[in-house]
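Take a look at this one; I'll ask things after.
The values are calculated or read from the model by the stated rules, or taken from the named source; none is laboratory data. No experiment lies behind these values; they were computed from the predicted model shown. Ideal geometry is used to build each Cβ from the backbone, glycine not excepted, and the neighbour counts take in all protein chains shown.
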Amino acid sequence: MRQLEIMEPARYINVNYETQDVSIHRCVRDNGTSLMEVVEQPIFPKREPLKLELQHFVSCVQDGRQPLVGIGDGKRVLEVAVAVLRQIAEGNEGARLRQIG
């Protein structure tokens, strides 16, 4: 499952990238005595990220505009990914990556 979990003192946020669902969990006092969990699930339009990315790229080509993410950004992302994979292959899971770029 591809997800992001954020834990804060007052709440827990879960983002599921596969289903594009978000849930926000908070504990609140019920009438000042007992704790009660409140779960919020924001509603927003679900869209296919790859389709949106490709539509944006095609639009940029047609209109002669620069895309939001340029080739330099993509190159840096690949460099970081390769460095992470190299560290894992070498068994250095706890190693810090040097700054790239």
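What's the number of the only condition in (1) modelled with pLDDT of 85 or more; (2) under 26 Å from ASN16 (Cβ atoms) that LYS75 fails to meet?
Failing condition for LYS75: (2).
Another question, then. Counting only residues that are part of a strand (DSSP E or B) and aliphatic (A, V, I, L, M), which one in the range 1-21 is nearest to the chain's Cα centre (by Cα)?
Among those that are part of a strand (DSSP E or B) and aliphatic (A, V, I, L, M), it is LEU4.
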